[in-house]
């Protein structure tokens, strides 16, 4: 099996699992109306409690965890701050707009990844990337103007979330791709959960969510924080970021279909057109990025 083939299979697993996470989070918010910070703190905490025995049961795993912590603890702390910020903005966006628009607006990540590359890797924009950015911004403008579905604060939150997730991916690609993926996901999860609970306790906003909700939150966050993140980070070891971006464009299709079938959300012409623009922009962005890399290799 080729490295790229393995990467695509990992990304497909990430898309399937993350779709359940999107729809599950949306289901909890619609039915129980939790505040994003409560949903995130209880969900992440419960998920880590559930996953911990599987990591600490074997002495070999405990030894690996200690080694990974000593090697990457500074990076893990930074990633945890980024994760908490991105997660809070993401859930706020779902709370205000629903998981369908959220899945579309998160396709801002390729643009932010490009900007980070320009800032830190001396990369330059080509015409294809400029055209792709304009398509994505056009699609975002249409999605943002969905009356009764998307509010300006939701758009702002989701743009912020997209930036932080792009930063998250960029940092892992630069500094963490040699890490043990399973252990990295576990340590990142616990650090993020602890950081979030410290913030919640500091502002005095702890509210019991009930056992039924806690069970659902534990389930969807084990999928989102554990399984999906493992697939996603492991795929970084087999694929360049440009190919990661183009394959992840399949994500909104499943989420939009799910919101229509499960929640009965409308699928308007405006939403379809916005989706086409955003997904097309992401496609052309990844394609332009690939062509640029090929040209650079020929020059070398």
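So, in the stretch 19-47, exactly how many residues are in a helix (DSSP H, G or I) and either free of Cβ contacts under 8 Å to residues at least 24 places away in the same chain or farther than 14 Å from residue 212 by Cβ (or both)? Of the residues in the stretch 19-47, 18 are in a helix (DSSP H, G or I) and either free of Cβ contacts under 8 Å to residues at least 24 places away in the same chain or farther than 14 Å from residue 212 by Cβ (or both).
When the residues of the stretch 1-13 are filtered to those that are assigned to a helix (DSSP H, G or I) and either in contact with a strand residue (DSSP E or B) (Cβ under 6 Å, 6 or more places away or on another chain) or surrounded by fewer than 19 Cβ atoms within 10 Å (Cβ to Cβ) (or both), the one that is modelled with the highest pLDDT is 13. The residue that is nearest to residue 68 (Cα to Cα), among those in the stretch 156-171 that are more than 13 Å from the chain's Cα centre (by Cα) and surrounded by fewer than 21 Cβ atoms within 10 Å (Cβ to Cβ), is 171. Considering only the stretch 14-24, I want to know if a residue exists there that is more than 18 Å from the chain's Cα centre (by Cα), closer than 30 Å to residue 199 by Cα and crowded, with 16+ Cβ neighbours inside 10 Å. Within the stretch 14-24, none of the residues are more than 18 Å from the chain's Cα centre (by Cα), closer than 30 Å to residue 199 by Cα and crowded, with 16+ Cβ neighbours inside 10 Å. Could you tell me whether any residue of the stretch 201-213 is closer than 17 Å to residue 25 by Cβ, touching a helix residue (DSSP H, G or I) at 6+ places or on another chain (Cβ under 7 Å), part of a helix (DSSP H, G or I) and modelled with pLDDT of 80 or more? Yes; the residues of the stretch 201-213 include at least one that is closer than 17 Å to residue 25 by Cβ, touching a helix residue (DSSP H, G or I) at 6+ places or on another chain (Cβ under 7 Å), part of a helix (DSSP H, G or I) and modelled with pLDDT of 80 or more. Considered as a group, the residues in the stretch 250-283 that are touching a helix residue (DSSP H, G or I) at 6+ places or on another chain (Cβ under 6 Å) and assigned to a loop (DSSP other than H, G, I, E, B) include one that is surrounded by the most Cβ atoms within 10 Å (Cβ to Cβ), and that residue is 265.
The values are calculated or read from the model by the stated rules, or taken from the named source; none is laboratory data. Worth saying up front: this structure is predicted, and the values here are computed from it rather than measured. Positions of Cβ are generated from backbone atoms using ideal geometry, with glycine treated the same way; all protein chains shown enter the neighbour counts.
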